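Heads up: the structure comes next, in structure tokens.
The values are calculated or read from the model by the stated rules, or taken from the named source; none is laboratory data. What you see is a predicted model; the values in this text were computed from it and never measured. Neighbour counts run over all protein chains shown; Cβ positions are idealised from the backbone, glycine included.
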Amino acid sequence: MKRSSVLTEKNRIKWATFFTILILLPVGLSVAGFALSRGQAAEVFLEAPDPRWESCYRDAEYMRFHHMDLLKEIRDEVVRYGIKGGITLAGCGDCHTNRDQFCDRCHEAASVRLDCFGCHYYPERALDRELLRVGMIVQATQDGR
Amino acid sequence: MESTELPAQADSVSLERMKPRNARASPNGRRPVFVDPDLQFIRALSRSGGDSLKKCMQCGTCSAACPLSPDSHPFPRKEMAWANWGMKDRLMKDPDVWLCHHCNDCSTSCPRGTRPGDVLGGIRQQCILHYAFPRFLARWVSRPVFIPLLLAMPAVLLGLAIRYRDTLGEALGLAVPGEDIIVYSFMPSLPHWLINSFFGFFGLLAFLAAVVGLVRFVRGVKKSEVWGDDPRPVKGLFPSIWSVFIKVFSHDRFTSCETDHSRSISHFFVFFGFIALAVVTLWVLTGPYNPLIRGEFVYPFSFWSPWKLLANVGGVAVLLGLLLMIWERLYFGHLAGTSSYFDWALVWTLFLVVATGFSSEVLHYLRMVPHRQVAYFVHLVFVFALLIYLPYSKFAHMLYRTTAMVMAERYGREAGTHLKGVPYAGEMTDVSSGAAGGTSADTGPVMADSMGGTGSLPPAGNGGST
């Protein structure tokens with residue numbers, strides 16, 4: 001077999017150093033990040049537990065792993081069988097007011113694309129929720145209820 | 001060469017006792033050698049790549065061609081003699097077998113078509129089998145009949161661990177709901193603590209087994225003949241470990257090979273890719289206890305996280321290196337060497353580990369819910385086969401070769417100077433094998449007669465004429 005001109009006796013140390021540095025790069029970044037953020041409080045990644053959590057549909061552990069299944073189940077109930085009155089995204093927004101902390105941070109970190117908000121609206125601020133409620137009342141009045 | 005004056009049933013221990021104690025006082029200054037051919041060993045060696053063994057006529061071309069062979073007690077000529085005489089004891093103690101990097105410069109320059117490189121590969125396999133503890137596991141790993149059993153064991157154990165995870169967690173006091181700082185678990189039925197303790201337990205067993213094997217190996221190698229009568233260390237233990245570390249990382253030995261030079265590139269890729277994967281795995285496994293990780297540990301990583309990038313690049317590197325290895329072994333067997341089941345087992349296990357790992361990742365991105373977990377389970381079974389059977393498979397070369405290299409470094413067993421300034425030793429091979437083609441037919445039967453004592457194998461009559 002022909003002798004390689006890529007990895008030779010002369011440049012092997014360079015290649016090995018290059019690959020070793022490449023491997024140690026994430027470790028270095030982590031150590032540097034740790035050293036730089038010394039003294040500061042650890043970043044809180046998740047939203048702090050809401051005191052009203054007991055009124056949630058299920059406990060936090062279940063919701064963390066299975067909320068997507070739950071949402072799909074409820075979507076099917078509403079869209080296909082017309083069963084309303086379950087949980088809604090607006091309902092989630094009542095307690096979890098911050099969409100960035102509640103949805104986006106985790107989803108971004110885990111590279112999971114969210115496709116809820118292409119159609120749905122997440123009521124983030126108190127004013128938004130108020131407007132939404134007013135809008136729903138107006139809608140209900142127009143429907144003649 | 002036959003040991004007719006010795007009792008037929010004499011084992012190696014009694015042979016050791018029968019050696020004269022005052023050997024150095026013998027008239028010609030040489031120790032007498034008692035040969036008790038281990039026919040079973042020769043047969044096993046022939047099966048594991050050394051089938052050309054009996055063609056050897058002890059001309060020594062191989063030792064002259066080898067770029068790694070030291071000037072004193074050079075290899076592989078003496079190993080070929082010992083293997084032909086079935087001197088298993090000496091071969092198992094021999095560090096030189098492990099200094100060989102199987103580049104086949106010797107095999108292509110042999111005038112009789114013997115393949116010392118492949119024979120040494122076979123001896124290394126026998127060495128792993130010899131020193132392994134418990135030995136039956138090594139025997140299982142070296143035979144394809146046991147593939148179903150070897151894969152079923154981790155599958156059943158891991159399945160049981162998942163099935164009884166609550167009982168296990170309570171018994172070990174590990175499963176504390178809500179205390180896990182991992183934000184998202186890839187597979188809720190296989191929590192972080194369960195993987196850690198499962199692989200931690202079996203990894204510890206494998207580590208202890210490897211230590212037993214290595215201690216046996218070091219004890220044996222210390223008694224080897226190659227060190228001479230009065231071996232003295234020329235280097236301290238830690239300096240020799242450091243220089244071996246540099247040699248292994250820079251593939252120093254591989255790059256001085258001629259014939260199968262591309263082996264150095266494929267091994268380079270697999271080596272660094274595997275180290276990258278090991279570093280990422282250790283980082284993830286220590287996640288919940290790692291002081292460098294602040295706040296919660298988000299897992300699985302984002303695609304552009306430095307760790308995920310390193311893991312993907314490492315996986316691709318291992319895959320490329322493996323494909324190069326497989327391609328070499330399939331289409332350039334005469335250069336890359338005969339591949340026995342033992343060799344293929346490691347290549348394919350590593351390939352399956354990487355393939356199932358990537359398929360689990362892709363299925364995860366596709367959000368296929370039972371599929372990604374099933375792929376991950378299969379991946380873990382192969383990871384078990386790779387890591388826990390390490391002391392018994394060809395992967396053990398990592399332990400034995402490094403140890404032998406450290407000992408050789410410590411006792412000054414450097415690669416010889418006989419090839420310095422000869423840039424392309426491989427080019428000489430055509431000349432020598434072509435010229436020797438005619439003479440080998442004459443020497444063949446002579447060798448066959450002299451080797452007749454070992455009996456069971458067909459004498460190498462016509463194999464030498466290329």
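Here are the numbers for this structure:
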read-out	value
Checklist (1) at pLDDT 95 or above; (2) surrounded by fewer than 18 Cβ atoms within 10 Å (Cβ to Cβ) applied to B:LEU350, failing item	(2)
Failed criterion for B:PRO300 (all others in (1) over 18 Å from B:TRP283 (Cα atoms); (2) touching a residue at least 40 places away in the same chain (Cβ under 8 Å); (3) more than 25 Å from the chain's Cα centre (by Cα) hold)	(1)
Residue match in region B:235-246 (condition: at the interface with another protein chain (Cβ under 9 Å from one of its Cβ atoms) and not β-branched (Val, Ile, Thr))	no
Some residue of region B:339-359 being touching a residue at least 24 places away in the same chain (Cβ under 8 Å) and within 14 Å of another protein chain (Cβ to nearest Cβ)	no
From B:PHE271, B:PHE254, residue being assigned to a helix (DSSP H, G or I), surrounded by 23 or more Cβ atoms within 10 Å (Cβ to Cβ), of a type in the set (Phe, Trp, Tyr) and more than 8 Å from chain A (Cβ to nearest Cβ)	B:PHE254
Test: residue in region A:38-53 that is modelled with pLDDT of 70 or more and at the interface with chain B (Cβ under 9 Å from one of its Cβ atoms)	no
Selected residue (criterion: surrounded by the most Cβ atoms within 10 Å (Cβ to Cβ)) from residues of region B:366-383 that are touching a residue at least 12 places away in the same chain (Cβ under 8 Å) and within 14 Å of another protein chain (Cβ to nearest Cβ)	B:ARG372
Conditions (1) within 21 Å of B:PHE384 (Cα to Cα); (2) of a type in the set (D, E, K, R); (3) not in a helix (DSSP H, G or I): number failed by B:ASP343	(3)
When residues of region B:97-137 are limited to those that are aliphatic (A, V, I, L, M) and not in a loop (DSSP other than H, G, I, E, B), the one nearest to B:ALA206 (Cα to Cα)	B:LEU137
Residues (of a type in the set (A, V, I, L, M) and touching a residue at least 40 places away in the same chain (Cβ under 8 Å)) located in region B:195-236	B:ILE195, B:LEU205, B:ALA206, B:ALA209, B:ALA210, B:VAL212, B:LEU214, B:VAL218, B:VAL221, B:VAL226, B:VAL234
Verdict on B:SER264 being more than 14 Å from chain A (Cβ to nearest Cβ) and either part of a helix (DSSP H, G or I) or of a type in the set (S, T, N, Q) (or both)	no
Residue check for B:VAL406: modelled with pLDDT of 90 or more, more than 27 Å from B:ARG219 (Cβ to Cβ) and part of a helix (DSSP H, G or I)	no
Selected residue (criterion: nearest to the chain's Cα centre (by Cα)) from residues of region A:7-19 that are of a type outside the set (Phe, Trp, Tyr) and more than 7 Å from chain B (Cβ to nearest Cβ)	A:THR17
